[in-house]
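Take a look at the structure below.
Read-outs: derived from the displayed coordinates by stated rules, not from any lab. Every value quoted in this text rests on a predicted model; they were computed, and no experiment measured them. Neighbour counts run over all protein chains shown; Cβ positions are idealised from the backbone, glycine included.
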Amino acid sequence: MPTPAPNLDHPTLPLLKAQFPETRFLASEFRGRTTVVVPAEALHAVMRYLRHDAACAYDFLSDVVGVDYLNYPVDKSALPAGRFAVVYNLVCTRDERRLYIKVMLDPSLPTDRIEDDPALHLPTVTDLWPGAEWTEREVFDMFGIRFDGHPDLRRILLWETYPAHPLRKDYPLRGRGERETYEVVERDSA
């Protein structure tokens with residue numbers, strides 16, 4: 001039995017296509033949820049449009065998450081290149097409508113290095129949704145993706161000198177010796 005074609009009748013898709021005719025979007029639908037893959041260079045303009053246009057009115061950013069697609073079993077020839085993705089979960093509270101925006105990023109440095117990879121940068125959306133401040137910090141802390149223009153981009157879950165980004169799939173499950181070298185603080189010495 002052939003797989004049914006996705007139902008891409010989300011009301012925002014024609015608006016995006018009309019507003020950004022030169023931008024190549026990739027849209028998909030899974031279990032009634034629509035995702036639009038946006039090129040990194042167009043992200044902030046697309047997000048500003050989705051936030052401020054009266055027809056879209058995505059006034060609530062529910063979440064910002066990172067995804068590592070290392071060794072993901074899929075034919076990547078039809079998809080935009082990228083090991084990492086940042087996914088924005090947008091909600092229009094007026095119409096109870098939801099849209100997922102995904103940006104794919106491909107590292108240019110070996111992923112076992114902690115240095116600032118120039119390919120893992122995105123513009124912040126904290127100017128559009130101030131609540132993105134904490135979720136962008138979490139994505140930075142766990143995946144090493146930096147958000148340019150962020151008002152306070154520093155680690156949020158791990159200490160500042162932590163030597164890695166632990167939600168990357170090539171990070172060892174037992175760590176790299178951080179537990180063994182971590183200084184234990186006793187209650188009476190704190």
Sequence gap at least 6, Cα distance under 8 Å: using those rules, report the relative contact order of the chain to the nearest whole percent.
16 percent
Within 10 Å of each residue's Cβ, count the other Cβ atoms and sort S28, S189, S108 from fewest upward.
S189, S108, S28
Cα-based helix-to-principal-axis angle, 132-143 vs the chain, degrees rounded to 10:
60 degrees
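Calculated FRET efficiency, R154 and F20, Cβ-Cβ r, R0 41 Å, to nearest 0.05?
Computed FRET efficiency for R154 and F20 comes out at 0.80.
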Computed E for A45/D116 - FRET, C-beta separation, R0 22 angstrom, nearest 0.05
0.35
Residues with amide H under 5 Å from that of R97, placed H, sequence gap 5 or more
C92
Would you mind working out the magnitude of the charge dipole of the chain relative to its Cα centre, with +1 at each Lys and Arg C-beta and -1 at each Asp and Glu C-beta, to the nearest 20 Debye?
640 debye
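Check each of the chymotrypsin sites (Phe, Trp or Tyr not before Pro) in the range 103-170 and keep only those in coil by DSSP with at most 10 other C-beta atoms within 10 angstrom; list them in order.
On the way: sites: W134, F140, F143, F147, W159; in loops: W159.
Those satisfying the criteria are W159.
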Quick one: longest stretch of the chain between exposed loop GluC sites (Glu not before Pro), exposed meaning at most 10 other C-beta atoms within 10 Å and loop per DSSP?
23-95
Between the Cα axis of helix 43-52 and the main Cα principal axis of the chain, the angle (0 to 90°, nearest 10) is 60 degrees
Ignoring the sites themselves, what is the longest stretch of the chain with no trypsin sites (Lys or Arg not before Pro) in a DSSP loop and at most 15 other beta-carbon atoms within 10 Å?
32-75
